[in-house]
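Engineer: Please find one structure pasted underneath; my questions will follow.
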Amino acid sequence: MNVLGIETSCDETSVSIVRDGKEVLSNTVSSSEKFHKIYGGIVPEIASRMQLEAITAVSDLAIKEGAIMLKDIDLISVTSGPGLFGSLLTGISFAKALSASLHIPLLGVNHIHSHIYANFLNGAGVKLPFVALVVSGGHTSLFYVMDFDKIEILGETQDDACGEAFDKVAKILGLGYPGGPHIEKMALRGNPEKFKFRCSGTKRPLDFSFSGIKTGVLYYLRDTGSGIRGRGSVIRYPLPLVKDIAASFQETVIDVLIRKSFHACKAKKVNRLVVGGGVAANNRMRGCFFEAAKDSGFKCWFPAKELCTDNAAMVAGFGYQLFKKGKISGLDLSPFA
Ligand code: KG4
Ligand code: ZN
């Protein structure tokens, strides 16, 4: 069964063809990232306008690279939320038009759940049930996955998402957007023990809070007056300091993610942990999780790096699984934030 997946929840426009929920025949991703860079974050209006312009060409390319014909597509699976409303609307409207004109069934899927499914593509797979951690720019959640249509939320962030904290700390340090890869690069040569930053506690043990640590970095820099005012009154920090802050911040965040994920595994009495979302592309995080898992008797899985950030392959694959369980959407499908 060939599924055409569409993902437009944030700044990416992605279309993919996946066979039988596993084999990625094509996965085309176009990003409007460079148009947002000067604003230091995503501008929703720009994202949806660029998606409207890109979606037909991205879809044509995915079909061409997948080496299939339109008549060979059996299902259209599209991200219906959560995400930016205008962006979701663009993908959903395109999906509806394809579905109606080609008489192919349509299915709207949850973006965060589809990040978990990235671990099942290209031959990979994990035995059910398992605990899943999704760490992205918009969400940080722990789930108990009994089946693809039986996903229980165990905890989530009470304020900033994990990726959002990487983006904000990178912005404070004068690094680029998106911040995650910049922090990771700086942290490579920094001392993770130099600063003792802390993530705030949460009422429920499996929830997260990342806004306090960002404020901690901001106040440290303000109170120590380590900045140098440069051209255009832009404040810059000495490179060794930036590297140490990036490393210390990253290490604290990873520690919290590991601690809470393993806590969730223990609570649910499973030793399988699946990780997904843009932040899961972080090499240091991947290494620390594998090491901690080995020491504590857990097994953990991460998707291939290109399948961590937003992509339509995970949407197509996840849609296949839900369709097999009888899920289907009508032309009244609408976005949810
Ligand atoms: O899953 P994603 O592509 O989009 C959302 O659904 O939000 O995640 C994007 C987030 C951004 O916040 C970005 O900074 C973060 O993932 N990210 C990383 C890395 N690559 C992307 N964070 C840490 N280390 C990375 N290497
Ligand atoms: Zn995402």
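Engineer: Classify region 1-85 from the C-alpha gyration tensor, please: rounded if a/c falls under 1.5, else prolate or oblate depending on whether a/b exceeds b/c. Each step should come with its number before you reach the end.
Structural biologist: Numbers: a/c = 2.61, a/b = 2.08, b/c = 1.25.
Here region 1-85 falls in the prolate category.
Engineer: So, one more: Give a residue-ordered list of calculated ³J(HN,Hα) values for region 189-201 (Karplus: 6.51 cos²θ - 1.76 cosθ + 1.60, θ = phi - 60°; whole Hz; x for Gly, Pro).
Structural biologist: 10, x, 9, x, 8, 5, 10, 9, 7, 10, 8, 5, x
Engineer: Assign one of three labels to region 180-244, namely rounded, prolate or oblate, based on the Cα gyration tensor with a ≥ b ≥ c the square roots of its eigenvalues; rounded applies when a/c is under 1.5, prolate when it is not and a/b is larger than b/c, and oblate otherwise. Each step should come with its number before you reach the end.
Structural biologist: Details: a/c = 2.28, a/b = 1.66, b/c = 1.37.
Since a/c reaches 1.5 and a/b is larger than b/c, the shape of region 180-244 is classed as prolate.
Engineer: While we're looking at this one, here's another question. May I ask you to evaluate 6.51 cos²θ - 1.76 cosθ + 1.60, the Karplus curve with θ = phi - 60°, for each residue of region 269-277 and list the ³J(HN,Hα) values in order in whole Hz, giving x for glycine and proline?
Structural biologist: Once θ is set to phi - 60°, the couplings for region 269-277 become 6, 10, 10, 10, 10, 10, 10, x, x Hz.
Engineer: Collect residues whose amide H, placed 1.01 Å from N in the peptide plane, falls under 5 Å from the amide H of Ile235; neighbours closer than 5 in sequence don't count.
Structural biologist: HN-HN under 5 Å from Ile235: Gly230.
Engineer: In terms of the Cα gyration tensor, with a ≥ b ≥ c the square roots of its eigenvalues, is region 279-337 rounded because a/c is under 1.5, prolate because a/b exceeds b/c, or oblate? Could the numbers behind the result be given before it?
Structural biologist: Values: a/c = 3.30, a/b = 2.22, b/c = 1.48.
Here region 279-337 falls in the prolate category.
Engineer: So what is the calculated 222 nm ellipticity per residue for the chain, using -39500 (n - 2.57) for each DSSP H run with n of 4 or more, over all residues, to the nearest 500 deg cm²/dmol?
Structural biologist: Result for the chain, helices only: -13500 deg cm²/dmol.
Engineer: Using every alpha carbon pair in region 93-215, what percent of pairs falls into each 5 Å bin from 0 up to the bin containing the largest distance?
Structural biologist: 2, 9, 14, 16, 15, 15, 13, 8, 4, 2, 1, 0, 0
Engineer: Just to be sure I follow: if Rg is taken over the C-alpha atoms of the chain and Rh is the Kirkwood radius over the same atoms, what is Rg/Rh? Mind showing how you got there, number by number?
Structural biologist: Working: Rg = 20.3 Å, Rh = 20.5 Å.
Ratio of gyration radius to Kirkwood radius: 0.99.
Engineer: Considering amide H positions built from the backbone, and no H for Pro or chain starts, which residues 5 or more places from Val78, or on another chain, come under 5 Å of its amide H?
Structural biologist: Here the answer is Ile6, Leu107, Gly108, Val109, since their amide H atoms fall under 5 Å of that of Val78.
Engineer: Where in the chain is the longest stretch that carries no trypsin sites (Lys or Arg not before Pro) classed as loop by DSSP and with at most 13 other Cβ atoms within 10 Å? Present the calculation step by step, with values, prior to reporting the outcome.
Structural biologist: On the way: sites that count: Lys127, Arg189, Lys196, Arg198, Lys203, Lys269, Lys325.
Here the longest run is 1-126.
Engineer: Which far-off residues, 5 or more places away or on another chain, put their amide H under 5 Å from the one on Ser26, with H placed in the peptide plane?
Structural biologist: Ile17
Engineer: At 0.36 nm per residue, and after removing the present C-alpha to C-alpha distance, how many nm does the segment from Phe336 to Ala57 gain when stretched out fully? Walk me through the numbers on the way to the answer.
Structural biologist: Values: separation 279, 0.36 × 279 = 100.44 nm, distance 2.54 nm.
Fully extending the segment from Phe336 to Ala57 adds 97.9 nm.
Any read-out appearing in this document is the output of simple, stated calculations on the displayed coordinates, not a laboratory observation. Computed from a predicted model, the values in this text were never measured in an experiment. Neighbour counts run over all protein chains shown; Cβ positions are idealised from the backbone, glycine included.
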